[in-house]
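Below is one structure, written out as structure tokens; comments come after it.
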Amino acid sequence: MADLLDDLNLTSEEQMFREEVREFLAENMTDELRRASHFTMWALSEFEYGKRWQKILHQRGWGAVHWPKEYGGAGWTRMQKMIWHIECIQAETPSVMSMGRDLCAPCIMKFGTEEQKAFFLPRILSGEDWWAQGFSEPGVGSDLRALQMRAESDGDEFVLNGSKIWTSFADHANRIFCLVRSGSGPKKHDGISFLLVDMDSPGIEVHPITTIAGDPEFCQVFFNDVRVSKSRLLGKENEGWDVVRHLLAYEHGGGGGRSVSLFGRYNWLREVATLESDGAGGRLIDDVDFGRQLAEMRIELEAVSFASDELSKRARAGEPPSRVSELLAIRSRLVSQKMTELAMRAVGRYGIPLQQGARKVIPEVDPIGPEHVLKPMPFYLGQRAGTIAGGTDEIHHNNVARHVLGL
Ligand SMILES: Cc1cc2nc3c(=O)[nH]c(=O)nc-3n(C[C@H](O)[C@H](O)[C@H](O)COP(=O)(O)OP(=O)(O)OC[C@H]3O[C@@H](n4cnc5c(N)ncnc54)[C@H](O)[C@@H]3O)c2cc1C
């Protein structure tokens, strides 16, 4: 990771900022928080620890560093945000449930009423509110415009009936932003509304679903005659698709951060190879064949990083967000998956047991084998979701074909 920061040619002010960040992280990152981060298999560290970390960040005024300053953002430059991101990865800070902070909040800022902004944004920042994303339904994922969950108008309220599925961390969330069908029109996306719903509303039931990696990462959420005030409409009634478009730009963006995260994973992979034997008395990292595969991985990583830097430069020059970032997303997800495959090869049969209990921040059982073998298998399985969640690769390819290549 050091090489990434060294390449940045920091000014003396940026260097001072980096020191400030490092000091903060050294003071606040405990072994428990680091362990929670290390054993994050998909998108969220053990919830309690992510929550704890958000409170620490908030106290320092860094609860959502990328938000506009008027809403509680840090007011940092792009370079400061980059330094922050790299240092956080290096310090292994926990992943916080981010649907509220990164997806819902930008929509509230753009489409929300003053009351909605004043009520919801501070709660997201402080970690009082945790949001789930209620878009996908049984049979409706890639083409969200076909969604079926009904919202019948009844005076000042909507009455919701239907269900949402694959809703990440809905069992931890106290609020959910939902797409609902409240009307109809000539186009498929007409008649969709965007609602901000409390998870403790009567009629909501949450059923966790365990993933192949053994973790309850997502849920099915049932809505039976759930009454929601119309004051919780974000944007206009039946025009929720405008909000969705804005949100998806955030969900598909973030190329720069992605390549930095990949470097973090690459370093982990190298560490595993340093700890493993080559089966002939040496270290796996010194094995010629494994070394070649690591080198190939590094080259792919450099390519992703280069493309990501290029996009960032264009963004800095004021160019509008480009659909090319979807190509980068596809590539990054594949590189991440390949890394988990290589890690599996490194640990061999020790990778087979899932060992959920041993991976907990406070372990429930002793691990089978050394600690470093606990991660590859669940990480490998967890990352399979990388080419599905947030839109499948096929859909991203379609978008690139249509909007970038003009096919
Ligand atoms: C880990 C994880 C977390 C998730 N979290 C959330 C969440 O928090 N909230 C939420 O709302 N959803 C969430 N999802 C759901 C996710 O958004 C959907 O799974 C995804 O959009 C695909 O939809 P689907 O599962 O209905 O598959 P389908 O849309 O039924 O697709 C099935 C297959 O057909 C292909 N396909 C479909 N249409 C086309 C086409 N036009 N051209 C080419 N191929 C096509 C797809 O690529 C896929 O391979 C999550 C999913 C995962 C895996």
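The values are calculated or read from the model by the stated rules, or taken from the named source; none is laboratory data. Just so it is clear, the model here is predicted, and its values are computed rather than measured. Note: ideal-geometry Cβ built from the backbone for every residue, glycine included; neighbour counts use all protein chains shown.
Annotations for the structure displayed:
- Test for Ser126: is it outside the structural domain of Ser168 (by TED's automatic domain parsing), within 20 Å of His172 (Cβ to Cβ) and crowded, with 22+ Cβ neighbours inside 10 Å: no
- A count restricted to segment 336-393 and to residues that are hydroxyl-bearing (Ser, Thr, Tyr) and touching a Phe, Trp or Tyr at 6+ places or on another chain (Cβ under 7 Å) stands at 1.
- Some residue of segment 105-128 being over 26 Å from Ser231 (Cβ atoms) and within 16 Å of the ligand (Cβ to nearest atom): no
- For segment 292-311, the count of residues that are within 16 Å of the ligand (Cβ to nearest atom) and β-branched (Val, Ile, Thr) is zero.
- Boolean, Glu319 is away from the ligand (no atom under 16 Å from the Cβ) and either within 17 Å of the chain's Cα centre (by Cα) or loosely packed, with under 15 Cβ neighbours inside 10 Å (or both): yes
- Glu364 being loosely packed, with under 15 Cβ neighbours inside 10 Å, closer than 30 Å to Arg78 by Cα and in the same structural domain as Trp268 (by TED's automatic domain parsing): no
- Hey, Ser168 within 19 Å of Asp242 (Cα to Cα) and near the ligand (Cβ under 9 Å from one of its atoms) or not: no
- Test: residue in segment 371-379 that is within 16 Å of the ligand (Cβ to nearest atom) and modelled with pLDDT of 90 or more: no
- Filtered residue count, segment 132-150, keeping only those that are within 12 Å of the ligand (Cβ to nearest atom) and in contact with a Leu (Cβ under 8 Å, 6 or more places away or on another chain): 9
- Within segment 322-336, tally of residues that are within 12 Å of His403 (Cα to Cα), of a type outside the set (S, T, N, Q) and surrounded by 19 or more Cβ atoms within 10 Å (Cβ to Cβ): 1
- Test: residue in segment 238-249 that is within 27 Å of Gly112 (Cα to Cα), small (Gly, Ala, Ser) and touching a residue at least 40 places away in the same chain (Cβ under 8 Å): yes
- For segment 205-228, a residue qualifies if it is away from the ligand (no atom under 13 Å from the Cβ), crowded, with 19+ Cβ neighbours inside 10 Å and either of a type in the set (Val, Ile, Thr) or assigned to a loop (DSSP other than H, G, I, E, B) (or both), and the qualifying residues are Val226, Val228.
- Of residues in segment 24-60 being within 16 Å of the ligand (Cβ to nearest atom) and outside any helix (DSSP H, G or I), the one surrounded by the most Cβ atoms within 10 Å (Cβ to Cβ): Ser45
- Exactly one residue out of Lys164, Lys110 is touching a residue at least 40 places away in the same chain (Cβ under 8 Å), touching a strand residue (DSSP E or B) at 6+ places or on another chain (Cβ under 9 Å) and of a type in the set (Lys, Arg): that is Lys164.
- Some residue of segment 85-101 being within 16 Å of Met199 (Cβ to Cβ) and part of a helix (DSSP H, G or I): yes
- For segment 384-400, the set of residues classified as buried (at least 18 other Cβ atoms within 10 Å of the Cβ), near the ligand (Cβ under 6 Å from one of its atoms) and assigned to a helix (DSSP H, G or I) consists of Ala385 only.
- Looking across Ser193, Ser153, Ser184, one residue alone is outside the structural domain of Glu70 (by TED's automatic domain parsing), away from the ligand (no atom under 11 Å from the Cβ), farther than 22 Å from Pro216 by Cα and modelled with pLDDT under 95. It is Ser184.
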